[in-house]
1. Could you give the dipole magnitude of the chain about its Cα centre, charging the beta-carbon of Lys and Arg +1 and that of Asp and Glu -1, in debye to the nearest 20?
2. Which order do Glu182, Glu191, Glu7 fall in if you start with the one that has the fewest other Cβ atoms within 10 Å?
3. Any idea what the relative contact order of segment 126-222 is, in percent, if you count C-alpha pairs under 8 Å spaced at least 6 apart?
4. Return the tail of the calculated pair distribution for the chain, meaning the percent of Cα-Cα pairs more than 24 Å apart.
5. How far is the Cα center of segment 146-173 from the Cα center of segment 60-109, in Å?
6. What do you get for Rg/Rh of segment 42-169 when both radii come from the Cα atoms and Rh is the Kirkwood radius?
7. What number, rounded to the nearest 500 deg cm²/dmol, is the helix-based mean residue ellipticity at 222 nm of the chain, given -39500 (n - 2.57) per DSSP H run of at least four residues and division by all its residues?
8. Counting DSSP beta bridges with both partners in the chain, what percentage is antiparallel, nearest 5?
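Each reported figure results from applying straightforward, stated rules to the coordinates on display, with no laboratory input. Note that the structure is predicted; figures quoted are calculated from it, not measured. Glycine also receives a Cβ, built like all others from the backbone with ideal geometry; neighbour counts cover every protein chain displayed.
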Amino acid sequence: MRILVIEDEHKIANSIKKGLEQELYAVDIAYTGDDGYDFASTEEYDLIILDRLLPGLDGIDICKKLREKQIHTPIILLTAKGQVHDRVEGLNSGADDYLVKPFAFEELLARIKALTRRPKGNIGSVLAVSDLSLNTLTYEVKRGKIKINLSRKELSLLEYVMRHPNQIITKDQIINHVWNYEADILPNTVEVYIGYLRSKIDKPFKSSKPLIKTVRGFGYRISEKK
């Protein structure tokens, strides 16, 4: 999944980015409110981590402007202000959650997972399509009872498609949610990684139905149906 961090304190922003990338998220950073709003309003993100006090547009303004544009990406607002009326103002502006600085990274991560988990048809932290399962907390992947070892990027790609079972997902959607803005994406990058996944979750299991389908002219779908 792809996350935008809008935070003017470079040390905090870079620390969040490093921690989230270790958790398999693709992360973009904006250090000003204006740049952050431009990213958030023109790119696709699964979640935004937004500082309240920023150069240019502040966090409250960004929340309001995004919601006015009908952009409903989940937002976690970060702030040094912890008074009740400050929290209420943040939530009323359109933020989904509120975290007071200083905070533990583990708490931020837990809040991210709470806002992005439980896609329709799955229970808790385990995603499942047919006999394929992915635990989003431990990142253990199994086909039946057999464990499958995947690289970080393969895990990110698999998690994204498993969060949208039986849906056609375009290459652009995959790129926008699995790679960050600065990633060097070649024309066949998605095909290459889809091939890697097939070689690990489909081809070794001859007695099971292939799960990753190519929908010619549109994209890909993960499904046990033909």
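1. Around 1720 debye, computed over the chain.
2. Details: Glu182 9, Glu191 13, Glu7 24.
Arranged by neighbour count, lowest to highest, Glu182, Glu191, Glu7 become Glu182, Glu191, Glu7.
3. 28 percent.
4. Working: 11776 of 25425 pairs.
Here the long-distance tail beyond 24 Å is 46 percent of all Cα pairs in the chain.
5. 29 Å
6. Numbers: Rg = 17.5 Å, Rh = 16.6 Å.
Across segment 42-169, the Cα-based Rg/Rh ratio is 1.05.
7. Numbers: 8 runs with 86 residues, N = 226.
Theoretical 222 nm ellipticity from helices: -11500 deg cm²/dmol.
8. On the way: 16 of 33 bridges.
Bridges in the chain that DSSP calls antiparallel: roughly 50 percent.
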